[in-house]
């Protein structure tokens, strides 16, 4: 297995959810470093507009990550044109406020899981064999601190992100010793269209561009799991340790995301 230097300018990166938010910020970051990108997102016009703004020539794949066949085709096309990517970032995600007692919120639960969980698996799986054969690469999943404990009013989103963390950990162990690193990034509050609707205080809110730079450093290091920003990582560790009774009492009064958004 050869050592992989991700600081070179010929890096190939495939990113889902690339048309806005964290995905767009990551695309801008890697393009500025000379990388060749595969950009996947649902919004075709925004995707092509972004690609046109970036330095270099990049592939655009208008698709929904819930569509496994579309992702297989995109992965095959990207690898046929550019070879196996060095980095694949499963970033696409949707969020909505949901309540467990509301039958009307069950379709949102299904959509969130199809995008955030099934979509992540369908994004990374097509690249695993090629990366293993080469003996290097980074498979990156964008989870969330929301996956650390079940947050009231966001049960579907919290559950999907907890599933992301567990699935990525399993994949990481499956690939142990292969040279392929699985990187789990759990962002705190990042300034994106997804968070702008939150009607409550967001501690340690970080601009998307700065978040992308920190994500890229963690990806290059091959860090198995990291919370960004680090201050939210400290808060997350404390949240994990809170006894249920105290967690329940504190979060029963917490602000809640509006229902039915971002899908």
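Please treat every number below as a calculation from the coordinates, not as lab data. Note that this is a predicted model, so its numbers are computed, not measured. Cβ atoms come from the backbone with ideal geometry, glycine included; neighbour counts cover every protein chain shown.
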>> Step by step: first the residues of segment 70-83, then only those that are crowded, with 19+ Cβ neighbours inside 10 Å and touching a strand residue (DSSP E or B) at 6+ places or on another chain (Cβ under 7 Å), then the one that is farthest from residue 254 (Cα to Cα). Which residue is that?
In response: 78
> What is the number of the single condition among (1) within 14 Å of residue 95 (Cα to Cα); (2) touching a residue at least 12 places away in the same chain (Cβ under 8 Å) that residue 195 does not meet?
Replying inline: (2)
>> Which of the numbered conditions does residue 227 fail, given that it passes all the others? Conditions: (1) over 15 Å from the mean Cα position of the chain (by Cα); (2) within 28 Å of residue 128 (Cα to Cα).
In response: (1)
> Which number in (1) under 24 Å from residue 178 (Cα atoms); (2) in contact (Cβ under 8 Å) with a residue 60 or more places away in the chain marks the one condition that residue 76 misses?
Replying inline: (2)
